[in-house]
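Quick note: the coordinates plus some simple rules give every number you see, no bench work behind them. On a predicted model such as this, the values are computed, not experimentally measured, just so you know. Note that we place each Cβ from the backbone using ideal geometry, even for glycine, and neighbour counts take in every protein chain shown.
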Amino acid sequence: MRTLTLTFALLSAISLAQAASHTHEMRHDMSSHSATQHATGVVKALQANKIQITHEPIAALNWPAMTMWFSLLKPIQNNIKVGDEVRFEMTQGSDKQWTIVTIQQK
């Protein structure tokens with residue numbers, strides 16, 4: 001009986017922890033969904049509708065500095081090239097992908 005009680009307590013604790021974690025993830029997704037985030041970084045590569053940037057940490061998202069690809073809302077028109085330091089604004093779409101809405105040389 002004691003083993004059954006301990007097993008039940010352990011399973012309950014795991015279930016509660018998973019539920020709390022899931023709720024936190026949903027809140028984070030919803031809050032970042034509508035917010036525009038500002039960041040700075042260095043352009044590493046350019047493609048038709050995408051840009052690769054090594055960005056500085058983004059505290060609002062708990063992101064460390066890293067290199068990643070972003071979609072572009074519209075083609076770059078201000079002569080930004082690989083190696084340029086940039087400031088940019090991005091939003092997260094319903095597909096959870098981050099899209100750069102504005103970008104300019106720093």
Note to self: Counting other beta carbons within 10 Å of each residue's own, what order do 40, 91 fall into, fewest first?
What the structure shows: 40, 91
Margin query: Please compute the modelled spin-label separation between residue 89 and residue 67, points set 7 Å along Cα→Cβ, answer in nm with one decimal.
Written below: 2.8
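Quote to one decimal, in nm, the extra length available between residue 56 and residue 78 on full extension: 0.36 nm per residue of separation minus the C-alpha distance between them. Don't jump to the answer; show the numbers that get you there.
Numbers: separation 22, 0.36 × 22 = 7.92 nm, distance 2.16 nm.
Using 0.36 nm per residue and subtracting the Cα-Cα distance, I get 5.8 nm.
Work through the residues other than residue 82 whose Cβ is under 15 Å from its Cβ and net out their charges, Lys, Arg +1 and Asp, Glu -1. If you can, show how the numbers build up before the last one.
Details: positive: 44, 50, 81, 106; negative: 84, 85.
Net local charge, residue 82 excluded: +2.
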Notebook entry, point to check: Given the C-alpha centroids of segment 35-64 and segment 90-104, what is the distance between them in whole angstrom?
Noted result: 10
